[in-house]
Structures are given as C-alpha cells and as structure tokens.
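Just below is one structure, and these are the notes that go with it.
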Amino acid sequence: MNQKLVIQEVEDIISQIWLTIDRWMNTGDKLISSEKSVVFNFAWELQKTCQNRIELIDFETNLFHDFSDGQFLDLFILYRRGDQLVRIGIEFKYPNKKKNNSGQTQVRPKIINDIKRLTWLVANRGIDLGCFLCVTNEKDYVNQGNYKKNTDFLTHHGLTYVKDSLLPANELYKEPVRAITNITFNWNHIQKTQKKYEIVGAVYSFLQPIFIRSNELESGTNF
C-alpha cells in the first residue's frame, strides 16, 4: 500500500471517530466538557480502533521552535501500514458557550492559526498529514458576522480559503503561510432560518475534518 492510500485510510478513520464523538456529545451518551477531554477521548478511540497500527500517540508534542501560539501540537500520531509510516498532526478547538460566549473575536484567529500551524508543518515535512477538528455550541462560528475586529479570520459555513492564497495574519499571528490545498469550512447539524444558520436537532455543530496533505505539495517550503 503506497503512502497516498495509507493517508486516505487514516482520513477515513479520523472521520469515523469524529462522527462517534459527535454522537456521544449530541445524545448525551458521554459528557465531554472541555477541549482536553475532546482530545483525550479522540485519542482513546483511535487507539482502540487501530491499536496494531499505532506506533505512537503523544499529547502536546513540541514540534514548533518559533511559531505563534506556542510550541506544542495537540496530538501527534505515528501510524504504520506495512512499510509505510505516516506522521499525523491534529489540532482541536472547542468553543463552548456556558453562561457566556466563548469570545469568538479572539477564538476565530486561533482557529485559523491552528490551520496555519498544521500547514506549516506539512509544508516543511514535519508531518505527512495535518487535521483540524472543531466542535461548538455557538452559532456565531457558523455564520458570517459584521465584524469590527479580526475581520479576515473567518470560519463560517461554506467559506473556502483557496489553495496558494495567503492565510490571514495579524500582529499576534503574524507568520505568512500559504494554503497548500483548498480549506473549506463545512459545519453539520445546521439549517438556515431567514438569513442565519441555527444549530438544529443537536446541541453541538461539528466541523467536517479539514485535512492538509503532504502529497499535494510541490517541492520547497511554504513559510
């Protein structure tokens, strides 16, 4: 099995596990109250599903020497299939409205910066496959608002950052990183009522996994 097929297999597994966590959280089968709990439950389910193919699962792996928002990757995985070893990096976000909103003016840039960090790692051969996963109970992330701050950092349903375009930057997240594939935000459990999307039939809207793949890269770095 070549690397491209192994990467496709990994993407399918990640997508299935993400659907499992979606079911747990939206049916109340399992209480997952924090981002760290999302990461742990995802890693636990991945290990159960692929235990004979997982060589390493590591939390908060130090893969960045000088990049906005810290040195650590949420989840780093080594996945082996025959003679193919795939290095996977996953970043998670869980904007969770409790009594107050999660602060989407600040969180939207963090979401895009996670995607930039994964893109940088893939472009510089630090990992073979990047994946961004997000779940929220706030419709503000699903809809495009009339923003006064961080106006370029968008996450609304149907938005695409086109391949080869510069991803948004500001004074906090300043690295110039180009998208190496189309990056599209597709949220589930939503329905448009009048002009806005609402989360319908569920408590949480799950973002379809955003994958960033090394086999789509041209030679050279991207940063």
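The values are calculated or read from the model by the stated rules, or taken from the named source; none is laboratory data. Small disclaimer: the values here were computed from a predicted structure and weren't measured. Virtual Cβ from ideal backbone geometry, glycine too; neighbours counted across all protein chains shown. Protein only, heavy atoms only, side chains kept; ligands, DNA and RNA dropped before computing areas. Shrake-Rupley method; radii C 1.70, N 1.55, O 1.52, S 1.80 Å.
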Margin query: Go through the range 30-53 and report how many residues are in contact with a Leu (Cβ under 9 Å, 6 or more places away or on another chain) and either of a type in the set (Lys, Arg) or surrounded by 17 or more Cβ atoms within 10 Å (Cβ to Cβ) (or both).
Written below: 5
Check: Does the range 178-196 hold any residues that are assigned to a loop (DSSP other than H, G, I, E, B) and either open to solvent by less than 70 Å² (accessible area, probe 1.4 Å) or not basic (Lys, Arg) (or both), and which are they?
Finding: Ala179, Ile180, Thr181, Asn182, Phe185, Asn186, Asn188, His189, Gln194
Item checked: Residues located in the range 84-142, provided they are open to solvent by 10 Å² or more (accessible area, probe 1.4 Å), aliphatic (A, V, I, L, M) and touching a Leu at 6+ places or on another chain (Cβ under 9 Å) -> Leu85
Margin query: As an exercise: evaluate Ile127 against (1) among the hydrophobic types (A, V, I, L, M, F, W, C); (2) touching a Lys or Arg at 6+ places or on another chain (Cβ under 7 Å); (3) not in a loop (DSSP other than H, G, I, E, B) and give the number of the one condition it does not meet.
Written below: (3)
Next item on the list: Enumerate the strands (runs of 3 or more DSSP E) found wholly within the range 16-97, keeping only those where 2 or more residues are closer than 30 Å to Val200 by Cβ, in contact with an Asp or Glu (Cβ under 9 Å, 6 or more places away or on another chain) and touching a residue at least 40 places away in the same chain (Cβ under 8 Å).
Entry: 84-93
Checklist line | Selected residue (only one of Gln84, Gln104, Gln71, Gln144 is at pLDDT below 95 and in contact with a His (Cβ under 6 Å, 6 or more places away or on another chain)) | finding: Gln144
Check: Could you count how many residues in the range 66-83 are open to solvent by 40 Å² or more (accessible area, probe 1.4 Å) and farther than 18 Å from Lys110 by Cα?
Finding: 4
